Amino acid sequence: MRDLLALKESFTEQGILISFNGAFTHSIIEEMGNAIKRYLEGENLGRGAIMDVFAVYIEQTQNVRNYLNRLSFDQPQRNTAIVVIGNVDGAYVVSSGNTIARADVQDLTRRLTEINALDKDGLKKLYKETLRKPRESDAKGAGIGLIDIARRARLPLAWSFREIDQDFSFFSLMVTVMGEDK
Amino acid sequence: MIDIKATSTSPRIAYRTEDRTLEIIGESYPENSFEFFAPLFSWLDARLKDPAPLKVEIDISYMNSSSTKCVLDLLDMLEEAHGGGREVSVSWFYDDGNDRALDLAEEFKEDVKLPFSIIPRTSGTDI
């Protein structure tokens, strides 16, 4: 790379404010989260809006980290993850991308589609039902992260899968969160 | 006794014997919520065998979804004790500049019959 101008221009064009590409450790998630919080506090946002962006960031990055930690060690793609926070037309967009086993694509698609079909009350009901379910023994989370994200999002969840090889795909999740002062 | 110090991603959890109050204060998005809250559950299980009244003050400005699950489990334990005739109550503090925090408090309150007060707290600098 000769210089960073092209990268900077691309970030500016897409409204990208903060991005991290690498292994999501707890301390990286925490430090980036603090930076995001401080940045948003300087943007004259309502506290509810700051919390929504922060919470969506935490749920996305912790989901990715928990998922990649469950993939086995002989899969080198397990560390491939990226998170991007951008401001597009006044709304904050939190996006994450990670490798996913192709065997998991169908189930994740089903869950995302189910969540997107629900209105505010439907999401609340599903959220409460999921909180009440016994946790899976190998899961660090309660499987409620995506529902929490959808409850805080202003637009339906947007996602894509891109095939990497016969075993893996790349999963991208884009979440648009309220930007204006509430 | 339980006395867990706060970190930037986990709340302080402590019991004050003088007024029989368990306090949980801070933000909660630890690396592993279930591991983090496990000592609280063991302590509470033992404490609820004691018939003395118990007050619980919860002042968590942000909790991630797995912490929310743990807090619900905590409320379930308290609710069961309340159903069994124990004198238990919850005071839930929320940031009065944050409507979402009030919604969350009310969602927790909906699920329990034990005395549950929702108390506004003036905004600080942390969320």
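Table for the structure above
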quantity	calculated
Index of the failed condition, residue A:169 passing every other in (1) open to solvent by 20 Å² or more (accessible area, probe 1.4 Å); (2) within 28 Å of residue A:15 (Cα to Cα); (3) modelled with pLDDT under 95	(1)
Pairs where the first residue, in segment A:139-156, is within 8 Å of chain B (Cβ to nearest Cβ) and the second is part of a loop (DSSP other than H, G, I, E, B) and modelled with pLDDT under 95, C-beta under 6 Å, 6+ apart	A:140/B:32; A:142/A:135
Criterion violated by residue A:63 - all others in (1) in contact with a Leu (Cβ under 9 Å, 6 or more places away or on another chain); (2) touching a residue at least 24 places away in the same chain (Cβ under 8 Å); (3) farther than 23 Å from residue B:60 by Cβ satisfied	(3)
Odd one out for residue B:55 among (1) touching a strand residue (DSSP E or B) at 6+ places or on another chain (Cβ under 7 Å); (2) touching a residue at least 40 places away in the same chain (Cβ under 8 Å)	(2)
Wholly within segment A:16-131, helices (runs of 4 or more DSSP H) carrying at least 3 residues that are within 12 Å of chain B (Cβ to nearest Cβ) and surrounded by 13 or more Cβ atoms within 10 Å (Cβ to Cβ)	A:26-41, A:47-70
Wholly within segment B:41-127, strands (runs of 3 or more DSSP E) carrying at least 2 residues that are buried (at least 21 other Cβ atoms within 10 Å of the Cβ)	B:54-63, B:88-95
Candidates B:66, B:117, filtered to the one that is within 13 Å of chain A (Cβ to nearest Cβ) and at negative phi	B:66
Enumeration of residues in segment A:121-136 that are closer than 25 Å to residue A:70 by Cα and acidic (Asp, Glu)	A:129, A:136
Qualifying residue in segment B:32-40 (condition: assigned to a strand (DSSP E or B), among the small types (Gly, Ala, Ser) and either under 26 Å from residue A:143 (Cβ atoms) or in contact with a Gly (Cβ under 8 Å, 6 or more places away or on another chain) (or both))	no
In segment A:78-95, the residues that are under 12 Å from the mean Cα position of the chain (by Cα) and of a type in the set (Val, Ile, Thr)	A:82, A:83, A:84, A:85, A:93, A:94
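The values are calculated or read from the model by the stated rules, or taken from the named source; none is laboratory data. Everything numeric here is computed off the predicted structure, so don't read it as measured data. Positions of Cβ are backbone-derived with ideal geometry, glycine not excepted, and every protein chain shown enters the neighbour counts. Just the protein is used for accessible areas: all its heavy atoms, side chains included, with ligands, DNA and RNA removed. Shrake-Rupley method; radii C 1.70, N 1.55, O 1.52, S 1.80 Å.
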